[in-house]
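Asks: One structure follows; several queries about it will come next.
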Amino acid sequence: MNQILYTVENESEKNRIKSVMLFFAITIIIFGLIMVSMGGYRMATAKVAKEEAKEAATIPKVNLYEENNKLKISINHIREIKEIIYSWNDGEEIKLSVYSENFNGSLEEEIDIPGGTNKISLKVIDSKGKTATASGEFTYKGTYMDLSVIDNKSLKIIVTDMLGLQNVSYQWNSGEVLTAYPTEEHPERVEIVSEIPTGLNTIKIRAVNRANAVENKEMPVKGITKPTMKINYNSDRTMLTIKLSDDQGIASYSYKLSNAPISEVAENGNLKENFKEKLSVVTSQTKQGNEQQSITEQVPFEQGFNYLEVTIRNIEGVEETFSGWCAK
C-alpha cells in the first residue's frame, strides 16, 4: 500500500516539473519572437531614416559646357527642378523659365554667351529647396555685336572679338559710312555711340577681325524724339502761352497752375525751401494730343506767384515733365 502511494506521488511531481519546463520554454520562445520582431522593426526604421536623410542631403548635379557659342546647362537629379538663376560677371541675376512637369531625372537648358570672356555664376534649386551652385569662364568664339538704345535717342554698338579687331564700320540708311578702330589697350573691343535719326531707320554694321574674317549685321532701329515745351507771356501779360511739340506726335498732355502770395513763398528775393507747401491749385487739365506734332495752350495766370507744371507723353510712350514759375 505504501509502495502504491509513493508511485502516485512521484508521477504527480514529474508532471508538475514538465508543466513548469513547458511554460518556461513557451515563454522563452515568445520572448525570442518579440526580440526578433523588435530588431527587425528597428532595422527597417533605421533603413527608412537613412534613405530619407540621403534624399534630403542630395543636391542637383550640374554640368556647364559650351557649344556653338551657347552655354549648355545639364542637370541630373532625383527631384523636380524649380528654379535656375544665373548672372554674368557678378551682375544682375536672371531667372530662367523652367518647364519640368514631366521631369525624368535630367534637364538641359541653354543661354547665349556674351562677347568676350565672361564668368557665369549659377544656382539650381529643386522642389525641396535644395540648391546646387556652379560657375565657370566662357569665351565667345568669333565676332560678337551687342546693340542697345540709350535715352531713346542714341544707339550703343559694342563689338568684341578675342582675336582682335581691325575696324568696325556702320551706316544709317543710305548715308555716309563711318569707321571706328580699336585702341592699343583693348584691340579686341570697339564701342560706338551714334545718334539715331528720327523715324524708322536701317543700320548696317561691318566688323573685320585680325584674321580678316568679316561679320555683317543689319537691323531696323526706330528713332524716338523727346517732347519739348516753350512758355511765353501774351502781349498784355495776362496769359501764359504754352507751346508743346514732338516730331512723332503728342498722345496726351496735362498741366497744373498753382498760386500763392509772393510773401509766402519768397524771402529776400529767393524761394523758400518749402514754397510748394504754400501753393494752391488754380487750374488743372488733362487733354488728348490726337497725335498732333504741335499744340498751343493759353493759361490765365493770377496776381502773385504762379507755378506751372506740364507733362507731355508722345505716341511712343516717352514722357517729359517741365516746371517753371513767374510772378505778377
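The values are calculated or read from the model by the stated rules, or taken from the named source; none is laboratory data. All values reported here derive from a predicted model rather than from experimental measurement. Cβ placement follows ideal geometry from the backbone for every residue including glycine, while neighbour counts extend to all protein chains displayed. We work out accessible area using only protein heavy atoms, side chains counted, and drop any ligands, DNA or RNA first. Shrake-Rupley method; radii C 1.70, N 1.55, O 1.52, S 1.80 Å.
Asks: If you roll a 1.4 Å probe over the heavy atoms of the protein chains, what accessible area per residue do you get for segment 70-162, in Å²?
Replies: 53 Å²
Asks: Taking all protein chains together and a probe of 1.4 Å, list Lys72, Lys153 from the most accessible to the least accessible.
Replies: Order by accessible area, largest first: Lys153, Lys72.
Asks: Next up: Place a label point 7 angstrom from the Cα of Ile231 along the Cα-to-Cβ direction, then list the residues of segment 275-308 whose backbone nitrogen is under 12 Å away.
Replies: Label zone hits: 299-302, 305-308.
Asks: In whole percent, and with a 1.4 Å probe on the protein chains, what portion of the accessible area of segment 78-226 is carbon and sulfur?
Replies: 43 percent
Asks: Between the alpha-carbon centers of segment 252-325 and segment 183-211, tell me the distance in whole angstrom.
Replies: Rounded to whole Å, the Cα centres lie 42 Å apart.
Asks: If you count only protein heavy atoms with a 1.4 Å probe, what accessible area per residue comes out for segment 165-222, rounded to a whole Å²?
Replies: Here the per-residue accessible area is 64 Å².
Asks: In what order, largest first, do Phe103, Phe305 sit by accessible area if the probe radius is 1.4 Å?
Replies: My answer, sorted largest first, is Phe103, Phe305.
Asks: Return the distance in nm (one decimal) between the two label points of a simple spin-label model at Asp146 and Lys72, each offset 7 Å from Cα along Cα→Cβ.
Replies: 2.5 nm
Asks: Let me ask another. With Rg and the Kirkwood Rh both taken from Cα atoms, where does Rg over Rh land for segment 175-271?
Replies: My calculation of the ratio gives 1.27.
Asks: While we're here: May I have the count of lysine pairs in segment 168-295 with C-alpha atoms under 30 Å apart, counting pairs 8 or more residues apart or located on different chains?
Replies: Lysine pairs meeting both conditions in segment 168-295 amount to 28.
Asks: Follow-up question, since we're still on this one. First select every other residue whose beta carbon is under 13 angstrom from the beta carbon of Glu93; then total the charges, Lys and Arg +1, Asp and Glu -1.
Replies: Counting the neighbours of Glu93, the net charge comes to -1.
Asks: While we're here: In the calculated pair distance distribution of segment 49-206, what percentage of Cα-Cα distances lie above 20 Å?
Replies: Value for segment 49-206 (Cα pairs over 20 Å): 62 percent.
Asks: Now for a different question. Calculate the spin-label point distance for Asn63 paired with Lys153, positioning each point 7 Å from the Cα along the beta-carbon direction, and give it in nanometres.
Replies: For Lys153 paired with Asn63, the spin-label model returns 5.3 nm.
Asks: Provide the FRET efficiency to the nearest 0.05 for the Thr131-Thr198 pair, computing r from the beta carbons and using R0 = 35 Å.
Replies: The calculated FRET efficiency here is 0.10.
Asks: Ranked by accessible surface with a 1.4 Å probe, highest first, in what order do Thr202, Thr160, Thr183, Thr286 come?
Replies: Sorted by accessible area, descending: Thr286, Thr183, Thr202, Thr160.
Asks: Ignoring everything but the protein chains, give the 1.4 Å probe accessible area of Met229 in square angstrom, nearest 10.
Replies: Looks like 40 Å² after rounding.
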